[in-house]
Amino acid sequence: MSARRRRPRLGALLSGVLLALVVLLQAAPAWAAVPQRWTIADSHGDRWQLLLVEPFDPAAAGDGRLRLNGLSPGAQTDHAAALQLSDAMGGQWPLGNRSAERVPSGAPVLPPGSAQFDLGRPEPGPSAFLPLQLRLTMADGSIRRLPMAPGCVRALSDLWAGASP
């Protein structure tokens, strides 16, 4: 086979590979495209680390998890209560508690200062341009309000927009 005949095939092959990469990157969840960690303060002045993470188990329900880790001593979250996400216009979205995923099956104790929630796919979801707040239930029944950083709000919006149906 001559060099002339190989070049068009090589060009077509490279074009196909590039097209496949573009399709895969667009279809993939936005995990790699967003920062995944923020430090925020709650209504009592306690600090929390907020992370956007993939589920440990690929077969787990939902598209991602929002994890809160208490950075202040003594924080104890309720491992059964949902996390309430709300915006400035009165929109509300409950995020189911998935804290039990954090430990092996049958483990006796969940981390007291850490909780994990299912991000789901809210329809319609919150706007990327409105402030969002989390309402976290603590083990003693008290409520902590955590205003989300603008970068985290945009990351959530991008994640939900990029999630495959």
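The values are calculated or read from the model by the stated rules, or taken from the named source; none is laboratory data. Computed from a predicted model, the values in this text were never measured in an experiment. We place every Cβ from the backbone using ideal geometry, glycine too, and count neighbours over all the protein chains shown. Just so you know, the surface numbers come from the protein's heavy atoms only, side chains and all, with ligands and any DNA or RNA stripped out. Shrake-Rupley method; radii C 1.70, N 1.55, O 1.52, S 1.80 Å.
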Hey, could you grab the Kirkwood Rh for region 68-130? Inverse mean 1/r over distinct alpha carbon pairs, Å, one decimal. 13.3
Heavy atoms of Val109 accessible to a 1.4 Å probe, total area in Å² rounded to 10: 100
Mean Cβ count within 10 Å, highest first, over the residues of peptides 127-136, 89-98: 127-136, 89-98
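Starting from 0.36 nm per residue, how many nanometres of slack lie between Ala139 and Gln92 once their C-alpha separation is accounted for? Numbers along the way, then the final one.
On the way: separation 47, 0.36 × 47 = 16.92 nm, distance 2.20 nm.
Extra length from Ala139 to Gln92 when fully extended: 14.7 nm.
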